[in-house]
1. Which one is surrounded by the most Cβ atoms within 10 Å (Cβ to Cβ), of the residues in the stretch 1-29 that are in a loop (DSSP other than H, G, I, E, B) and modelled with pLDDT under 80?
2. Looking only at the stretch 56-71, how many residues end up being part of a loop (DSSP other than H, G, I, E, B) and either surrounded by 10 or more Cβ atoms within 10 Å (Cβ to Cβ) or in contact with a strand residue (DSSP E or B) (Cβ under 7 Å, 6 or more places away or on another chain) (or both)?
3. List, please: which pairs have Cβ atoms under 7 Å, are six or more places apart or on different chains, and start with a residue in the stretch 24-45 that is more than 20 Å from residue 67 (Cβ to Cβ) and end with one that is at pLDDT 85 or above?
4. Can you tell me how many residues in the stretch 40-55 are surrounded by 10 or more Cβ atoms within 10 Å (Cβ to Cβ) and either in contact with a strand residue (DSSP E or B) (Cβ under 8 Å, 6 or more places away or on another chain) or in a loop (DSSP other than H, G, I, E, B) (or both)?
């Protein structure tokens, strides 16, 4: 879909301009993401989901992180 294309384009622009990693995530209730309760879209729950992703990727020490999102 168009979102994948947009994310790929944005990732290419960002990683070309700065040395970094870029991760595009489908949050709960979007895309192919599966979870126990995809109807809970509260800020608190979404923030906890992001924290879980960060700890899964960096279990001991995370590098500096810049979060970008939209609504």
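The values are calculated or read from the model by the stated rules, or taken from the named source; none is laboratory data. Predicted model only: the values in this text are computed from it and were never measured. Virtual Cβ from ideal backbone geometry, glycine too; neighbours counted across all protein chains shown.
1. Here the residue is 22.
2. Final tally of qualifying residues: 3.
3. 38/28
4. Residues that pass the stated criteria total 2.
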